[in-house]
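See structure below.
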Amino acid sequence: MYRIVKHMKNASIEQPLIYRVIRKIMYLINIGLVIRNAKIKKKGSPDGLPIPPLKLIFLVTDWYDIEKFLENGHNAFIYIKDTLSKNGIDIKNFKKILDFGCGCGRILRNWKNLENTKFYGTDVNPRLISWCKKYLDFVDVKTNKFSSKLGYNDNQFDFIYSVSVFTHFNEELQSFWMDELIRILKPGGYLLLTLRTSLKDFYDFTPQETEMFENGIPFVRNEKLVGSNLCKSYTPEKYVREKLAKNLEIVDIIRDAAVDFRQDVVLFKKPLNVSE
Ligand SMILES: C[S@@+](CC[C@H](N)C(=O)[O-])C[C@H]1O[C@@H](n2cnc3c(N)ncnc32)[C@H](O)[C@@H]1O
């Protein structure tokens, strides 16, 4: 495990500068979007909370669209709640919830009115975390290292979710973070991840990628940029069940439930009598 940590220490978590510059120019010539953003900024977010700067929105979403940012965060909040309630779990019973890879709080901001639950967020990017620290005062946020233990105790959280984060990790990093999230999850607690467990029809896959996937072998595109939005991983359901889940029980896999980017939602449960 620690060999991997060393290998990835310098991995870039932000899109390369040249890519960001090109995308920014493309945004600036999209006058319609520039005007829409200006109107939302003036009017304010429907939830009454501050809107992160566009450069932070771009870091987490790969686009410069405030409305979409807020809408996608709200949709995630809905499908997280729906996945739990579909499986007979009442989120109100959770005392401590962690958003792993929380970015600039696109999802976290939606939990503002959930009383009796303490929210935590962690992300590798200090720029995103300092915005959350300043503007989302109901959340306890921290920056984490790219791949080392989090500063939380064992068995601390009732529920951990991580949206569109493991989909940017390679196999080693996914395995590392699974172990770590399992460590801090309470026995009987739940973990929700978004993953690509099925091949989506809007991508072109090479015959080799398709064959690997059909044989239950995960593959990664742009692995050099692991952790950034430009790295994309595909983890077949068979692999999720047989390897990624480790000692967790799989409660549910819902295809395309993460509606905005058509990722699949996977809900795991840590057994009560887990041996670590
Ligand atoms: C696509 S964004 C999603 C952010 C957030 N979950 C959301 O839905 O708005 C991926 C996030 O994963 C974070 N990330 C990447 N590598 C990470 C790591 N090793 N540990 C924690 N967060 C990481 C990035 O900084 C980024 O905020």
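Data overview
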| item | result |
| --- | --- |
| Relative contact order of the stretch 207-256, defined on C-alpha pairs under 8 angstrom at six or more residues apart (%) | 29 percent |
| Mean Cα-pair separation over length for the chain, i.e. relative contact order, pairs under 8 Å, 6 or more apart, % | 18 percent |
| Nonlocal amide H pairs with G121, under 5 Å, H built at 1.01 Å | D99, D140, V141, K142 |
| Cα extents of the stretch 124-177 along the three principal axes, largest first (Å) | 34, 26, 19 |
| The stretch 18-120: GluC sites (Glu not before Pro) in DSSP coil with no more than 10 other Cβ atoms inside 10 Å | E115 |
| For N229, residues with placed amide H under 5 Å, excluding near neighbours | Q15 |
| Debye, to nearest 20: dipole size of the chain, +1 on Lys, Arg Cβ, -1 on Asp, Glu Cβ | 1120 debye |
| Inter-part distance where the stretch 18-74 and the stretch 202-276 are each reduced to a Cα centre, Å | 28 Å |
| All lysines inside 17 Å of K232 as judged from Cα atoms, apart from same-chain residues fewer than 8 positions distant | K200, K224 |
| Whether the stretch 1-125 is rounded, prolate or oblate, judged on the alpha carbon gyration tensor where a/c under 1.5 counts as rounded | oblate |
| 18 Å Cα-Cα reach of K43 towards aspartates and glutamates, excluding residues that sit fewer than 8 places from it in its own chain | D65, E67, E71 |
| The stretch 261-270 - phi-based ³J(HN,Hα) in whole Hz, Karplus 6.51/-1.76/1.60, Gly and Pro as x | 10, 6, 9, 9, 9, 10, 10, 10, 10, 7 |
| The chain - convex hull of alpha carbons, volume per residue in Å³ | 133 Å³ |
| Highest to lowest packing among 121-127, 187-193, scored as the average C-beta count within 10 Å | 187-193, 121-127 |
| Links that overshoot a 19 Å alpha carbon limit, given the list K96/K134; K81/K269; K118/K142 | K96/K134 |
| Overall form of the stretch 83-150 per C-alpha gyration tensor (a/c, 1.5; a/b vs b/c) | prolate |
| Given charges at Cβ of Lys, Arg, Asp, Glu: the stretch 102-221 dipole, positive-most of Q156, I129, L195 | I129 |
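Every number in this text was worked out from the coordinates using simple rules, so none of it is lab data. As the structure is a computational prediction, the values presented were derived from the model and not from experiment. Quick reminder, even Gly has a Cβ in these numbers, built from the backbone with ideal geometry, and neighbours come from all protein chains shown.
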